[in-house]
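**Q** The structure under discussion is supplied below as structure tokens; questions concerning it will follow.
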Amino acid sequence: MFPFLMISILKEKWYPYFFIMARIWAKTILFGMGFYYLIETQQKLEKNKSYMLISNHTSMADIMLMLAITNNPFVFVGKKELVKIPLFGFFYKRTCILVDRANSRSKGAVFKLAQHRLNQGLSICIFPEGGVPIKEVLLDDFKDGAFRLAIEHQIPIVPITFYDNKERFSFSFFSGSPGRMRVKIHEFIPTAGKTMNDKNEIKAQAREVILKQLEMSHE
């Protein structure tokens with residue numbers, strides 16, 4: 001797919017075509033590794049509408065699964081360090097919004113880049129834990145970024161729970177197995193009319209939705 005992916009990133013307006021091919025790539029990787037996903041949807045995303053997609057982050061497969069389950073074109077906001085991954089990093093750098101956590105200017109630039117992408121009709125995806133928590137932590141604390149952006153741009157937040165990714169394909173090298181990857185797309189959390197004064201409440205609400213599902217699945 002490399003030649004077609006290369007062509008699709010030559011112009012910013014061609015991003016939706018890149019997204020289609022990225023979804024094909026993601027599904028091929030997942031199925032090729034012996035994974036299959038089951039989706040429970042409480043509320044469906046509307047076509048041509050922008051959202052803030054968030055989920056728990058436990059696996060190297062999270063990126064592929066998020067692409068596979070979402071029809072609405074979106075852009076990842078992620079850490080700059082991932083550009084070092086061979087080949088993947090090449091496309092990651094050219095299609096995602098990168099954050100350098102050690103640079104305060106970089107964090108400010110994210111808001112401008114997100115606004116630009118939202119104006120193009122795209123959605124944004126952030127893993128709000130800000131990284132992959134240690135094995136013993138079921139769900140780490142959420143960072144502010146996703147919720148600041150959602151409120152700033154008045155777009156709904158879509159909480160998504162990935163139940164099995166840590167078991168299927170974790171960051172521990174000799175672990176994992178083929179099998180199912182369950183996903184739940186929860187009811188959206190509206191931000192219309194909300195201000196930064198509501199940020200912590202919305203952040204806590206979103207985390208509670210995902211945490212409750214993870215706790216139920218581990219009982």
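**Q** Between the range 70-142 and the range 1-16, what is the C-alpha centre distance in whole Å?
**A** When both Cα centres are located, 19 Å separates them.
**Q** Follow-up question, since we're still on this one. Distances longer than 28 Å among the Cα atoms of the range 1-142: what percent of all pairs is that?
**A** Numbers: 1636 of 10011 pairs.
Counting pairs separated by more than 28 Å, the tail of P(r) holds 16 percent.
**Q** Here is a follow-up. When the Debye formula is applied to the Cα atoms of the range 1-75, each taken as the same point scatterer, what base-10 log of I(q)/I(0) results at q = 0.21 Å⁻¹?
**A** -1.08
**Q** Still on this model: Can you give me the long-range amide H partners of Phe35? Hydrogens built in the peptide plane at 1.01 Å from N, cutoff under 5 Å, separation of 5 or more residues or another chain.
**A** Excluding prolines and chain starts, which carry no amide H, the hits are Gly179.
**Q** Further question: Once ligands and nucleic acids are excluded and a 1.4 Å probe is used, how much of Glu167 is accessible, expressed in Å² to the nearest 10?
**A** Accessible area of Glu167: about 120 Å².
**Q** Which translational diffusion coefficient, to the nearest whole µm²/s, is obtained for the range 65-189 from the Stokes-Einstein equation, given a Kirkwood hydrodynamic radius over C-alpha pairs, 25 °C and 0.890 mPa s? Let's see the in-between values first.
**A** Working: Rh = 16.1 Å.
Stokes-Einstein gives a translational diffusion coefficient of 153 µm²/s.
**Q** Quick query: amide H of Val99 versus all other amide H atoms, modeled in the peptide plane; which residues come in under 5 Å with a sequence gap of 5 or more or a different chain?
**A** Gly78, Lys79, Lys80
**Q** Among the trypsin sites (Lys or Arg not before Pro) within the range 1-73, which fall in a DSSP loop and have no more than 12 other Cβ atoms within 10 Å of their own Cβ? Display every interim value, and only then the final one.
**A** Details: sites: Lys11, Lys13, Arg23, Lys27, Lys44, Lys47, Lys49; in loops: Lys11, Lys44, Lys47, Lys49.
Filter output for the range 1-73: Lys11, Lys44, Lys47, Lys49.
**Q** Calculate for the chain the 222 nm mean residue ellipticity that helices alone would give, adding -39,500 (n - 2.57) per DSSP H run of length 4 or more and normalising by residue count, nearest 500 deg cm²/dmol.
**A** Details: 8 runs with 89 residues, N = 219.
Value at 222 nm, helices only, nearest 500: -12500 deg cm²/dmol.
**Q** Please report, as a whole percent, how much of the solvent-accessible surface of the chain comes from carbon and sulfur atoms (probe radius 1.4 Å). Walk me through the intermediate numbers first.
**A** Values: 6680 of 11930 Å².
The value for the chain is 56 percent carbon and sulfur by accessible area.
**Q** Between His218 and Asp100, what FRET efficiency comes out of the Förster formula 1/(1 + (r/R0)^6) with R0 = 35 Å and r the beta carbon distance, rounded to 0.05?
**A** Numbers: r = 34 Å, r/R0 = 0.98.
For R0 = 35 Å, the calculated efficiency reads 0.50.
**Q** What longest region of the chain stays clear of chymotrypsin sites (Phe, Trp or Tyr not before Pro) that DSSP places outside H, G, I, E and B and that have at most 16 other Cβ atoms within 10 Å?
**A** Numbers: sites that count: Phe171, Phe173, Phe174.
Looking at the chain, 1-170 is the longest stretch - no exposed chymotrypsin sites (Phe, Trp or Tyr not before Pro) with at most 16 other Cβ atoms within 10 Å.
**Q** Could I ask something else about it? Any idea of the accessible area per residue across the range 86-176, 1.4 Å probe, to the nearest Å²? Numbers along the way, then the final one.
**A** On the way: 4740 Å² over 91 residues.
Accessible area per residue: 52 Å².
**Q** Give me the three principal axis extents of the range 117-218 from the C-alpha atoms, as integers in angstrom, largest value leading.
**A** 46, 29, 22
**Q** So if we plug the beta-carbon distance of Glu12 and Lys49 into 1/(1 + (r/R0)^6) with R0 = 25 Å, what FRET efficiency do we get, rounded to 0.05? Please report the intermediate quantities before stating the final value.
**A** Details: r = 20 Å, r/R0 = 0.80.
The computed FRET efficiency comes out at 0.80.
The values are calculated or read from the model by the stated rules, or taken from the named source; none is laboratory data. Remember, it's a predicted structure, so these values are computed and weren't measured experimentally. Neighbour counts run over all protein chains shown; Cβ positions are idealised from the backbone, glycine included. Ligands, DNA and RNA are excluded from the accessible area calculation, which covers all protein heavy atoms including side chains. Shrake-Rupley method; radii C 1.70, N 1.55, O 1.52, S 1.80 Å.
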